[in-house]
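Student: Mind looking over this structure? Questions follow.
Coordinate-derived values only; no laboratory data. Since the model is a prediction, treat every value here as computed from it, not as a measurement. Glycine also receives a Cβ, built like all others from the backbone with ideal geometry; neighbour counts cover every protein chain displayed.
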Amino acid sequence: MRRLLFVGVACAMMASAQKQPFDVNALMELKRIGDPQISPDGQWVAFSVQTVDLAGNKKPQQIWTVPLAGGVPRQITHDGEHNQRPRWSPDSKRLAYISDRSGSSQIWLMDPDGGNAKQVTSLSTEADGVLFASDGKNLLFTSPVYPDCGADDACNKKNLDADEHSPSHARIYTELLYRHWTEWQSKRRSHLLVVPVAGGVLKDLTPGVREVPPFSLEGIDDYDISPDGAEICYAMNADPVPATSTNSDLYVVPIGGGQTRQISFTAGADATPRYSPDGKYLAWRAQFRAGNESDRWRLMVIERATGKQTNLTEPLDRWVTNFTWAPDSTGLFYTSVDRGRQAIQLIPVTGGASRVAASGDSVLDEMQLSRDGRIMVYTQQTGASPPEIYRASSQGGVPVALTHLNDPVLNSHVLTALEEFWVDSDDGARVHSFVVKPPGFRPDQRYPVILLIHGGPEGFWGHSWTYRWNAQVFAAAGYVVVMPNPRGSTGYGQKFIDDINGDWGGLPFNDLMAVTDHIVADMPYADGSRMTAAGGSYGGYMADWLEGHTQRFKALISHSGVYDLASEFGGTEELWFPLSEFGGAPWDKPEVYTKWSPSSSVKDFHTPMLVIHGEKDFRVPYTQSLQLFTALQLQKVQSKLVIFPDEGHWILKPQNSLLWYKTSIDWLDSWVKK
């Protein structure tokens, strides 16, 4: 028996030794799965898969299907580089999708096996966001048209040609929000259009409106079609200065066109409308506070016949992040983040207590229910595994993975499960953190540490996968990775989120220092003399703040960080964010902007810093990093500047991502592994 036990242990050790550390090259091998869609007949699940083509420096996307009962997944599109958003016809005989296989982004139809592909639109302004009407007669989609042209493609093409061949390409503006994320505002606006499935005349359902958001910030549709196919509901911000307002409201319009009617009136954002399958209700997510994009997201329902509204989740001190209707319209399945996990819960349409439908040390999302309501499909991810598609009973039970597309990569590399700990901040607040240890971890060794600071600031670290700031990649480089959730983090109650307002470098800094104290005092395998810290966006701001307020770290990385709050205010686009966070503009609150600006502490800069930014970043303009690097150099602080001219707030292109990881790890290594 002892010999058999020894042999078993030896074999296990050999198998583990044969696995490779999960480095950035392994990260690039993963298939990126999402958007599962159950066919109405309950036979299939269609979904999208994005892969990385390093040689071509691109990320092609194709559509796959897998039997709902289980079986081998199959790729059903092959032409073109971007095939996405599969949506089933009501009879399950056709799939609508968006494809560039003809050279531009258009709506196509195909059979469930990928055959008989047919192009539906040929718009000069292209198409996106397609939905099948429940009666199967129409397709709803978005297109960035010239408002005066609407659905008249000849008119749109004429304007496009005129703009392209104009002798001057100067940009001229008379109002704010003249650029957004990575794009300058053009004369075009996103409108909702409808086209008959059989072909025919297109109709612009939103003529004269400023713009209909094609998707919410979370990537969820901000529009829907009623079950009888007669009405459209969409979200729109109609405030005169959208750059300072989050006040989107819901509007309805007949699918044949006509008078638009506003149906929601909260001071904050109303978004992601969804009709109940029986047509009696409309549900959506709402924020109540004006101008506060970090207000709590509630789940709201309106009874269409009476106009009676119900706030289903007011007792829940967490954000509702996504939802879908139960097929019998008696309840809604929704997700919310709690302490780094995201579960699926079910709440009655009349209100009351929720019950957990699926949960775990994971993030669950993109729920879909079979027509009979018995089976639920969703994506599941953890800190050690990327999203795959799972099937489970909607009443609970053991989930079954429908896809295993990433098993070959995961099984050949060492990945480490997340651990967690809590500490008390100096004001008594409980601060939660996650830890990822390096492969081959030995408790008798001491390892360098990287403190990863998340962005937002209203974001979170948890049992979820990410392709940017991937903790497994940093751990594979030999680091103990600590991911704290300080004040401002979501999943710990709204007060915990709101505590960061007007206090960016105060309570969150104290929370991070409490976590740092714990690392030094209570983690004997973590070498407190070889600690580093890094972050992007707000995490970059905090790296800049650490630069001037502590010397506990051997090296820092600031990615797309805010360095000077006043100048960042004048260069950013979504002005509602700093107006809310700091209580006004710099000329209204100069003392607040000065107090919490890292640029006010330049004389105390000492720690070596790597500064990274994308030149197309309009959220935090890259000049913030230019100013930071200038200050570091003039203060004689060891520093390096990396600017990506073809990237925005995030580094997305494969070759740039490779360089980003290599440069970041090399920088940290040079200061803690000498």
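Student: Please list, in order along segment 38-51, the HN-Hα scalar couplings obtained from phi with the Karplus expression 6.51 cos²θ - 1.76 cosθ + 1.60 (θ = phi - 60°), rounded to whole Hz, x for Gly and Pro.
Tutor: 7, 5, x, 7, x, 9, 9, 10, 8, 7, 9, 9, 9, 10
Student: What distance in nm lies between label points placed 7 Å from Cα along the C-beta direction at residue 626 and residue 359?
Tutor: 5.0
Student: Can I ask one more? Using the Kirkwood radius built from alpha carbon pairs, what does the Stokes-Einstein equation give as D for segment 269-394 at 10 °C and 1.306 mPa s, in µm² per second?
Tutor: 106
Student: Specify whether the C-alpha gyration tensor of segment 87-156 places it in the rounded, prolate or oblate class, a ≥ b ≥ c being the square roots of the eigenvalues: rounded for a/c under 1.5, otherwise prolate if a/b is larger than b/c and oblate if not.
Tutor: In terms of gyration-tensor shape, oblate.
Student: If you restrict to DSSP beta bridges whose two residues both lie in the chain, what percentage is antiparallel, to the nearest 5?
Tutor: 80
Student: Here's something else I'd like to know. With Kirkwood radius over Cα pairs in Å as the read-out, I listed [x] 27.8; [y] 26.6; [z] 29.6; which label goes with the value calculated from this structure?
Tutor: Of the labelled values, this structure produces [y].
Student: Can you list which of the chymotrypsin sites (Phe, Trp or Tyr not before Pro) found in segment 542-587 are DSSP loop residues with at most 13 other C-beta atoms within 10 Å?
Tutor: The qualifying sites are 587.
Student: So, one more: Please enumerate, by chain and number, the lysines with C-alpha under 16 Å from the C-alpha of residue 93, excluding those fewer than 8 residues away in the same chain.
Tutor: 118, 137
Student: Now, a different point. Which lysines, if any, have their Cα less than 19 Å from the Cα of residue 187, not counting same-chain residues under 8 positions apart?
Tutor: Here the lysines satisfying the reach criterion relative to residue 187 are 157, 158.
Student: Please report how far the C-alpha centroid of segment 599-674 lies from that of segment 284-333, rounded to the nearest whole angstrom.
Tutor: Using only Cα atoms, the two centres lie 40 Å from each other.
Student: Any idea how far the Cα center of segment 245-275 sits from the one of segment 60-128, in Å?
Tutor: Each part reduced to its Cα centre gives a spacing of 29 Å.
Student: Would any residue of segment 101-124 have its amide N under 19 Å from a label point 7 Å out along Cα→Cβ of residue 165? List them or say none.
Tutor: 124
Student: Taking the number of other C-beta atoms within 10 Å as the exposure measure, put 236, 513 in order starting with the fewest.
Tutor: 513, 236
Student: Also, quick follow-up: Can you show me the helix-derived [θ] at 222 nm for the chain, built from DSSP H runs with n ≥ 4 at -39,500 (n - 2.57) apiece and divided by the number of residues, rounded to the nearest 500.
Tutor: Estimated from H runs of four or more residues: -5500 deg cm²/dmol.
Student: Rounded, prolate or oblate: which fits segment 510-667 when a ≥ b ≥ c are the square roots of the eigenvalues of the alpha-carbon gyration tensor, with rounded for a/c under 1.5 and prolate only if a/b beats b/c?
Tutor: Oblate, since a/c reaches 1.5 and b/c is not below a/b.
Student: In whole percent, what relative contact order does segment 65-205 give with Cα contacts below 8 Å and a gap of six or more residues?
Tutor: Computed over segment 65-205, the figure is 17 percent.
Student: Please label the shape of segment 492-597 as rounded, prolate or oblate, based on the square roots a ≥ b ≥ c of the eigenvalues of the alpha-carbon gyration tensor (a/c under 1.5 means rounded; beyond that, a/b larger than b/c means prolate, else oblate).
Tutor: Verdict is prolate for segment 492-597.
Student: Residue-wise, which Karplus ³J(HN,Hα) couplings in Hz belong to segment 428-436, taking 6.51 cos²θ - 1.76 cosθ + 1.60, θ = phi - 60°, and x for glycine or proline?
Tutor: x, 5, 8, 10, 9, 9, 10, 10, 10
Student: I would also like to ask the following. Taking a 28 Å limit on the Cα-Cα distance, which of the listed pairs 437/554; 280/495; 58/636 fall beyond it?
Tutor: Beyond 28 Å: 280/495; 58/636.
Student: Using the 10 angstrom Cβ neighbour count as an exposure proxy, how do 549, 78, 191, 613 rank, fewest first?
Tutor: The most exposed by this proxy come first: 78, 549, 191, 613.
Student: In percent, what relative contact order does the chain have, based on Cα pairs under 8 Å that are 6 or more apart in sequence?
Tutor: Result for the chain is 9 percent.
Student: Going by C-beta contacts inside 10 Å, put 174, 550 in order with the fewest on the left.
Tutor: By the 10 Å Cβ count, ascending, the order reads 174, 550.
Student: Among 266, 233, 255, flag the residue with its Cα farthest along the positive direction of the charge dipole of segment 221-285, charges on Cβ as +1 for Lys/Arg and -1 for Asp/Glu.
Tutor: With unit charges placed on the Cβ atoms, the residue in question is 266.
Student: Along the charge dipole of segment 485-630, which of 502, 523, 575 sits closest to the positive end, that is, farthest toward it, with unit charges on the beta carbon of Lys, Arg, Asp and Glu (+1, +1, -1, -1)?
Tutor: 523
Student: For segment 186-192, in order, what is each residue's ³J(HN,Hα) by Karplus, 6.51 cos²θ - 1.76 cosθ + 1.60 with θ = phi - 60°, in whole Hz (x at glycine and Pro)?
Tutor: Each residue of segment 186-192 in turn: 10, 6, 8, 9, 6, 10, 8 Hz.
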